[in-house]
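Everything below concerns the one structure shown next.
The values are calculated or read from the model by the stated rules, or taken from the named source; none is laboratory data. Not measured: the values here are computed from a predicted model. Positions of Cβ are backbone-derived with ideal geometry, glycine not excepted, and every protein chain shown enters the neighbour counts.
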Amino acid sequence: MSDVSVSTATATIATGSLQSSPYTGRFAPSPTGSLHLGSLVAALGSFADARSRGGRWLVRMEDLDRGRLVAGSAASILRTLELFGFSWEGTVEYQSARTQHYAQALETLRALGTTFECSCSRRELESETFYPGTCRAGPRRTGPTAVRFRVPEERVRVEDRLQGIHEYTLSECGDVIIRRRDGAFAYQLAVVVDDALQGVTDVVRGADLLPSTPWQIALQRALKVPTPRYAHLPLVTELEGEKLAKSRRSVAIHPQAAGRELFGALTLLNQQPPAELESEPPAVILGWACANWRPERLAGVREVPAAAYGTSV
């Protein structure tokens with residue numbers, strides 16, 4: 001790929017940032033099942049943050065991992081969001097329909113010399129805390145390969161609105177996979193490209209994704225696209241600290257009790273809703289949440305136990 005082509009590809013990816021409003025947020029669930037409590041908390045936090053600042057709120061389905069998808073769950077998630085009173089701007093984007101953008105970004109990175117092919121299997125690396133650079137000089141064996149992003153030798157500073165300042169040495173994070181051995185594009189590349197193309201200015205999501213942020217910032221820098229502001233919400237966990245989304249109690253929320261469910265989510269987000277709000281319809285509760293959103297009440301909070309929510313979990 002020539003230098004002209006690299007510039008053209010990068011400019012195409014960056015176009016979304018030029019069309020953005022002062023604040024554009026997004027909620028990006030994976031359609032691997034019904035909407036659960038952890039997802040509701042993330043949706044509510046990102047929605048309230050966007051609307052409280054007069055911003056746009058987008059919905060995107062992260063459906064690249066075909067092996068984990070559950071048929072009908074994307075439609076179910078959207079229907080549940082609507083029953084809970086959420087509304088979004090524009091059409092819902094599906095990553096599975098955007099692979100040409102990821103391919104373009106991958107070719108840009110290849111032309112810049114920032115990728116390499118890797119033949120390592122997951123089993124071979126299971127004892128490593130981060131990728132040790134095994135295939136940086138070339139694949140160790142023939143056969144299918146993943147594509148990894150060659151992280152630069154530098155530190156990345158993440159200034160998170162809720163979790164404070166975190167600094168990462170990229171070499172200690174390791175070279176991240178951006179296209180899998182089966183040919184599917186990986187989350188880290190797709191999310192960077194999508195946020196840039198959609199002009200996302202603010203990413204509000206669960207704290208479990210904070211460790212992914214330095215990789216995403218490094219990819220943004222390589223592709224010369226803007227870095228959004230980040231705010232990582234506390235993760236809803238079991239009492240033992242296990243992520244709720246991976247537990248047996250990660251059941252679907254109930255639209256027929258949407259008011260109570262939203263009230264409980266506001267409580268988990270430490271927004272201190274008045275008791276009488278619990279009996280109000282979803283539209284009233286969401287209106288209160290946006291008008292009274294106080295993200296500073298979550299400063300430094302990485303986890304919150306589901307037990308603080310009530311009895312529906």
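Data for the structure
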| item | result |
| --- | --- |
| Selected residue [among the polar types (S, T, N, Q), at pLDDT 95 or above and touching a Phe, Trp or Tyr at 6+ places or on another chain (Cβ under 7 Å)] from 227, 213 | 213 |
| Residue within segment 238-261 that is of a type in the set (Ser, Thr, Tyr), on the phi < 0 side of the Ramachandran plot, out of contact with any strand residue (DSSP E or B) (no Cβ under 8 Å at 6 or more places or on another chain) and modelled with pLDDT under 95 present | yes |
| Residue 48 vs. criteria touching a helix residue (DSSP H, G or I) at 6+ places or on another chain (Cβ under 7 Å), more than 16 Å from residue 175 (Cα to Cα) and either touching a residue at least 60 places away in the same chain (Cβ under 8 Å) or of a type in the set (Lys, Arg) (or both) | yes |
| Tabulated pairs, segment 165-189, first surrounded by fewer than 17 Cβ atoms within 10 Å (Cβ to Cβ), second part of a strand (DSSP E or B) and among the basic types (Lys, Arg), C-beta under 8 angstrom, 6+ apart or interchain | 165/157; 166/157; 167/155; 167/157; 169/155 |
| Qualifying residue in segment 13-28 (condition: more than 29 Å from residue 106 (Cβ to Cβ), surrounded by 18 or more Cβ atoms within 10 Å (Cβ to Cβ), touching an Asp or Glu at 6+ places or on another chain (Cβ under 7 Å) and at pLDDT 95 or above) | yes |
| Hits in segment 113-150 - residues which are surrounded by fewer than 19 Cβ atoms within 10 Å (Cβ to Cβ) and hydrophobic (A, V, I, L, M, F, W, C) | 125, 130, 137 |
| Residues that are in a helix (DSSP H, G or I) and of a type in the set (Phe, Trp, Tyr), drawn from segment 39-92 | 47 |
| Criterion (at pLDDT below 95 and either in contact with a Leu (Cβ under 7 Å, 6 or more places away or on another chain) or over 24 Å from residue 235 (Cα atoms) (or both)) met by exactly one of 127, 96, 119 | 127 |
| Any chance residue 84 is more than 17 Å from the chain's Cα centre (by Cα), under 25 Å from residue 231 (Cα atoms) and touching a residue at least 60 places away in the same chain (Cβ under 8 Å) | yes |
| The lone exception for residue 287 - which of (1) in a helix (DSSP H, G or I); (2) modelled with pLDDT under 90; (3) small (Gly, Ala, Ser) it fails | (2) |
| Extreme residue, farthest from the chain's Cα centre (by Cα), among residues of segment 217-226 that are within 16 Å of residue 149 (Cβ to Cβ) and of a type outside the set (A, V, I, L, M) | 224 |
| Scope segment 256-282; condition within 22 Å of residue 207 (Cβ to Cβ) and outside any helix (DSSP H, G or I); matching residues | 269, 270, 271, 272, 273 |
| Flag if residue 197 is buried (at least 22 other Cβ atoms within 10 Å of the Cβ), farther than 23 Å from residue 37 by Cα and touching a helix residue (DSSP H, G or I) at 6+ places or on another chain (Cβ under 7 Å) | no |
| Single match in 110, 56, 51 (criterion: basic (Lys, Arg), under 22 Å from residue 192 (Cα atoms) and crowded, with 20+ Cβ neighbours inside 10 Å) | 56 |
| Residue that is nearest to residue 222 (Cα to Cα) [pool: residues in segment 82-104 that are crowded, with 17+ Cβ neighbours inside 10 Å and in contact with a strand residue (DSSP E or B) (Cβ under 7 Å, 6 or more places away or on another chain)] | 102 |
| Qualifying strands (runs of 3 or more DSSP E) (wholly inside segment 136-209; at least 2 residues being among the aliphatic types (A, V, I, L, M)) | 146-149, 155-160, 176-179, 202-206 |
